[in-house]
Amino acid sequence: MPSLKVLFIGGSGIISSACSWLAVARGIDLSVLNRGHSTHRPLPPETTTLRADIRDPGSALAALGDREFDVVVNWVAYTPQQVQADIDMFRGRTGQYVFISSASAYQTPPGRVPIVESTPLRNPFLEYSRNKIACEDLLVAAHRDDGFRRRSYGRRTRTTGPGFRSTAAGRPSPACGRRDVRHHRLLISSSRSLIEFSR
């Protein structure tokens, strides 16, 4: 069976760099498109690196050439305009588009707890969150209107990793994961899955 062909846009952040190493370890044929400005989280040597700025469609298209992917994951999409550019760029050349959203998109303050995946999306306090909601709405419309294959949203709550500590109001944040010291694994839980990042 041929390897799954995946494109990460970004790929050098706290979460995405860990996912890059995990993807390669699991036999995924990984390409990463970014500007190459970050060097403190190196990519796996097996990665195909595409140097381009995703905000510049001309340079991104030139770097992509005629490549097609089973999955495209954009780690750095924040506005509907950026997501629309992805829809235009990857329509017909990917089987699945993964948008990284945010748990802050959920109803704030919540009407009921616990917050679950079916909790309404509404946050009148943060423009960042409203933009993430608008991005999700845009992808739903694109799927409904012309079949654009959006399959997943990652609504994360906290970010942590080597050299990074998430804080809230200047205090250490509640734990969002736990490290299994014996096996050198970081386990991150969500409402839908348990993701294991092996070091």
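The values are calculated or read from the model by the stated rules, or taken from the named source; none is laboratory data. These numbers come from a predicted model, not from an experiment. Here Cβ is always computed from backbone atoms with ideal geometry, including for glycine, and neighbour counts include all displayed protein chains.
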Specify the residue that is surrounded by the fewest Cβ atoms within 10 Å (Cβ to Cβ); the eligible residues are those in the range 1-56 that are farther than 23 Å from Gly95 by Cα and in contact with a helix residue (DSSP H, G or I) (Cβ under 6 Å, 6 or more places away or on another chain).
-> Pro44
Being closer than 21 Å to Cys19 by Cβ, over 18 Å from the mean Cα position of the chain (by Cα) and in a loop (DSSP other than H, G, I, E, B) narrows Arg112, Arg67 down to just Arg67
Matching entry among Ser129, Ser118 (being part of a helix (DSSP H, G or I) and over 26 Å from Val6 (Cβ atoms)) | Ser129
Across (1) loosely packed, with under 14 Cβ neighbours inside 10 Å; (2) in a loop (DSSP other than H, G, I, E, B), Asp88 clears everything bar (2)
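Quick grid of which residues meet (1) in contact (Cβ under 8 Å) with a residue 60 or more places away in the chain; (2) among the basic types (Lys, Arg):
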| site | (1), (2) |
| --- | --- |
| Met1 | no, no |
| Gly13 | yes, no |
| Ser20 | no, no |
| Asp29 | no, no |
| Asn34 | no, no |
| Arg41 | no, yes |
| Pro45 | no, no |
| Thr48 | no, no |
| Asp53 | no, no |
Taking the condition without any contact (Cβ under 8 Å) to a residue 24 or more places away in the chain, in the same structural domain as Ile54 (by TED's automatic domain parsing) and not hydroxyl-bearing (Ser, Thr, Tyr), does Arg93 pass?
-> no
Please work out which one of (1) closer than 29 Å to Glu68 by Cβ; (2) buried (at least 19 other Cβ atoms within 10 Å of the Cβ) is the condition Arg93 fails and give its number.
-> (2)
